[in-house]
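The values are calculated or read from the model by the stated rules, or taken from the named source; none is laboratory data. None of the values given here were measured: they were computed from a predicted structure. Because the Cβ atoms are built from the backbone with ideal geometry, glycine has one as well, and the counts that use them run over all protein chains shown. Quick note on the areas: whole protein, heavy atoms, side chains included, nothing else; ligands and nucleic acids left out. Shrake-Rupley method; radii C 1.70, N 1.55, O 1.52, S 1.80 Å.
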Amino acid sequence: KYIHVLKKIACYRNKIINYRQGTETDLSEVLQTDRVFTNVSKGQFANKSDLQKAFQTKDEESICKIILLEGQVQISDLEREAQYENMSREIATMICTKCVNPTSCRPYTQLQIRNAMKDAEFVVHPTKNVKQQFLDCVKLLKKKGVIEIERAKMELGVFLLLLSDEDHDITDLLHDKRNECIKQLREAGVTHFAKEEEQKQHQLETQIIFQIDPSLYRAVDSTMKDIINKNERVNLTIRLEIIKQVVTMEGDAQMDHEIERKEKVKIIDHEVSQQRIQQQQQQSKEESDADGANEDGIAATTRDIENVAIVSDDEVDKNSDTDDLENSMSAKNKKKKKNRAAAAAAAAAAAAADDTTSTRQSNKKATKKSKKAKRREKEEAMERTERKETEQKRLEERRKLQQRTEIDDDDNNDNAITAAETTNTSNNSAETKSCNTCGGTFESQAQYRLHFRSDWHRYNVKLKMKGCAPVSEREFLLCDSDAFFESF
């Protein structure tokens, strides 16, 4: 700790990692100077006695090696900000290359991803792996719903090749093996298979083309290895190949296709919303039926309790008529039994009432939740309709603008030609410069600079210093300049 805190060296930051990894061995390429400091910014060197106490040596070169290997690198605020910026840019570029919009299957721009990262409040970790941070950022964007995003699918192919066609059953074996591979791939989670028309089929060769999420690649690879290991025939080879690392929609987006795609998405959203409404209606019906059943059960229990009380009263009256000769103790016992039966009936009725109240409260809460969900769905539907209307308005405005531009192309071309001529004249007038001493005008900057080196300008400067009027360029050329300079 004493070494790391108090003793410092001045070195190149980009060379420290290379030295610690062993790729750089020359200290002169790593160190700015071979001296040891106590304060680099103030230029204070360490004493020999302090170095002897701390490192048990006075050789500064060996001390520099120890500090390079075991010391801590001090980073300024600007360097730290640059490191964070570079790491966030790497994460954004990785998301742009490996993720797409699920509806259009097209990648986002880096600016859109950076803005989404800010909206999702994603924090860059300086020491964490960039790939792991990329996966965490994609999960966070999905969770918060800032943008619609998912990992781009991979396109893989399984190729089955027969090395010989001597047996007649080999083609059947190839077909059965293909079906077996498709079955096991479906069990591994593969759902998107290419059509049979797009797959090349041959008597001795066949292929299976499919798309998967990158997270399923290891499972698919392990299943294919199991199939290859189980294959005992030598004349049949099976291999798994990556056709495309990232599957995206290529080419320019056409307006008609985009409109059709958006209409399909609208239809799907409408169907999903209708299904949700139907499910909520069914739930509300079931809850109302359950409330009616609970009320019927409560009424039946109260009727049973009343009947039991009436029967017990009749039995008591009969026993009292037949047993007039019994003593007062037996009468007291009978009254106690009657009171107990009535208390038990009242307790049962209270418990049933509590159950009904609890069920009613739970049903009320469920209905409240369903009402809130309905309100949210209505709001979402209103927002969608507003978005659709705005998009339609934009499309109509674009079409109108295109028609107007087609009509006004000829007029614009004529106006552009006249404007270009006027701008050329104005630029020429703006570029011309004049000399205050000689009074001449110059069209370019180079001519203007050469004028100050000419004899004509020097002669006028001398005339100006003597209080004489300057001469023009024509007058200067008519005269002998050497005679003028000799006179001065």
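Annotations
- Criterion applied to 194, 219 was being surrounded by 13 or more Cβ atoms within 10 Å (Cβ to Cβ), under 26 Å from residue 98 (Cα atoms) and at pLDDT below 85, and the one residue passing it is 194.
- Qualifying positions in region 8-17 - part of a loop (DSSP other than H, G, I, E, B), touching a helix residue (DSSP H, G or I) at 6+ places or on another chain (Cβ under 8 Å) and open to solvent by less than 50 Å² (accessible area, probe 1.4 Å): 9
- Residue satisfying all of: in region 114-132; outside any loop (DSSP other than H, G, I, E, B) and free of Cβ contacts under 8 Å to residues at least 24 places away in the same chain; surrounded by the most Cβ atoms within 10 Å (Cβ to Cβ) among these: 115
- Cβ-Cβ under 7 Å pairs, at least 6 apart or on other chains, region 13-38 side within 16 Å of residue 63 (Cβ to Cβ) and of a type in the set (Phe, Trp, Tyr), far side in a loop (DSSP other than H, G, I, E, B) and at pLDDT 85 or above: 37/46
- When 79, 85 are screened for being under 25 Å from residue 128 (Cβ atoms) and touching a residue at least 40 places away in the same chain (Cβ under 8 Å), only 79 passes.
- Test: residue in region 224-231 that is modelled with pLDDT of 80 or more and either out of contact with any strand residue (DSSP E or B) (no Cβ under 8 Å at 6 or more places or on another chain) or over 19 Å from residue 156 (Cα atoms) (or both): yes
- Hits in region 67-98 (condition: open to solvent by less than 60 Å² (accessible area, probe 1.4 Å) and part of a helix (DSSP H, G or I)): 67, 68, 82, 87, 88, 91, 92, 93, 94, 95, 96
- Within region 137-150, restricting attention to residues that are touching a residue at least 12 places away in the same chain (Cβ under 8 Å) and more than 19 Å from residue 106 (Cα to Cα), the residue that is least open to solvent (accessible area, probe 1.4 Å) is 140.
- Restricting attention to region 18-44, the residues being surrounded by fewer than 12 Cβ atoms within 10 Å (Cβ to Cβ) and among the hydroxyl-bearing types (Ser, Thr, Tyr) number 4.
- Taken over region 440-454, the criterion of being open to solvent by 60 Å² or more (accessible area, probe 1.4 Å) and under 20 Å from residue 475 (Cα atoms) is satisfied by 441, 447, 450, 452, 453.
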